[in-house]
1. For the structure I just gave you, tell me whether residue 322 is out of contact with any helix residue (DSSP H, G or I) (no Cβ under 7 Å at 6 or more places or on another chain), over 27 Å from residue 63 (Cβ atoms) and without any contact (Cβ under 8 Å) to a residue 24 or more places away in the chain.
2. Looking at region 71-98 only, could you name the residues that are closer than 12 Å to residue 38 by Cα, free of Cβ contacts under 8 Å to residues at least 60 places away in the same chain and in a strand (DSSP E or B)?
3. Among the numbered conditions (1) closer than 18 Å to residue 334 by Cα; (2) surrounded by fewer than 24 Cβ atoms within 10 Å (Cβ to Cβ), tell me where residue 211 comes up short.
4. Let me confirm something: among 76, 68, which residue is surrounded by 19 or more Cβ atoms within 10 Å (Cβ to Cβ) and outside the structural domain of residue 265 (by TED's automatic domain parsing)?
5. If you check residue 328 against the conditions, is it at pLDDT 95 or above and over 30 Å from residue 103 (Cβ atoms)?
6. Output yes when any residue across region 219-232 is in the same structural domain as residue 282 (by TED's automatic domain parsing), surrounded by fewer than 19 Cβ atoms within 10 Å (Cβ to Cβ) and on the phi > 0 side of the Ramachandran plot, and no when none is.
7. Any residue in region 248-269 that is in contact with a helix residue (DSSP H, G or I) (Cβ under 8 Å, 6 or more places away or on another chain) and farther than 28 Å from residue 176 by Cβ?
8. Give the residue, chosen from 34, 44, that is assigned to a loop (DSSP other than H, G, I, E, B), touching a strand residue (DSSP E or B) at 6+ places or on another chain (Cβ under 8 Å) and either without any contact (Cβ under 8 Å) to a residue 60 or more places away in the chain or crowded, with 16+ Cβ neighbours inside 10 Å (or both).
């Protein structure tokens, strides 16, 4: 079987290329071709994630050690979706798609060989290639076109979902996984720390779980207003409000049942240790730009907390797509800016500021 593709004579494409921290360039690079069981998609949009911002700034998680996790030069971007442009041999059957389909691939490229992949825990793959961080193996979506390798996990996107909603499928899947890790109960008082893109999506998802009280904490009043629109019962701005007093007033002095930390700031962790009750569930979903210290005796001796991490959005993409298709979750208010690839410098500047919530790169392929 020969490759199938839409007509395009382009041999090169425009892409953002990460060479090192703060060294990202708009370049002309070779357009990818689809090998056996591979796709090439034409990118419709790619969001800038907080992890992209921290990678850009040089966070140790990405660049530390003798063999950094980021393998540059690489095209960044893992919050992408697009249209099938080219099908390699066997790819139509392998992925269940055809040329022209609107699709998204999960952010991780599983190796399919390690103990985690073989046991179904693919999001913790030991090799851990993620789109946008490893050159050639997993180049990302901040480009006109992108290659999807055979082990990628691909989902089709219904026509009725808007561009902006489709662009938040990846972070929404992460939000769903994080909220699920908290095992929210109907009588829980739940606190979400941080009303950035992920926190606001978690607010919408947590609201669907109907906890007793849903509380959102942030320093930006406009974001807290959005959180209330999305279902938060109480919002707290630590600059003007006494968070501990408010949480105690809602819980007869005990503290919240679930604390979801999504700020990526050390103060968010320590705040959670104060606000959560004994035997509470603390869920962490963040990439930190700096080391975080706390009194670990709070976790064990004082409160016997259940501390849970949350990583990526495993098995949650179909749920995210369904929630968006049914109008139960929205990107309205979250997607605030859109830029062309050529406007990268302005885009990353805005993404790093409090003037935006979610910034999209929109290639013009």
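The values are calculated or read from the model by the stated rules, or taken from the named source; none is laboratory data. What you see is a predicted model; the values in this text were computed from it and never measured. Neighbour counts run over all protein chains shown; Cβ positions are idealised from the backbone, glycine included.
1. On the way: out of contact with any helix residue (DSSP H, G or I) (no Cβ under 7 Å at 6 or more places or on another chain): yes; over 27 Å from residue 63 (Cβ atoms): yes; without any contact (Cβ under 8 Å) to a residue 24 or more places away in the chain: yes.
In short, yes.
2. Selection gives 84 alone.
3. (1)
4. 76
5. Values: at pLDDT 95 or above: yes; over 30 Å from residue 103 (Cβ atoms): no.
Criteria not met by residue 328.
6. Yes; the residues of region 219-232 include at least one that is in the same structural domain as residue 282 (by TED's automatic domain parsing), surrounded by fewer than 19 Cβ atoms within 10 Å (Cβ to Cβ) and on the phi > 0 side of the Ramachandran plot.
7. no
8. Values: 44 fails: assigned to a loop (DSSP other than H, G, I, E, B).
After applying the criteria, what remains is 34.
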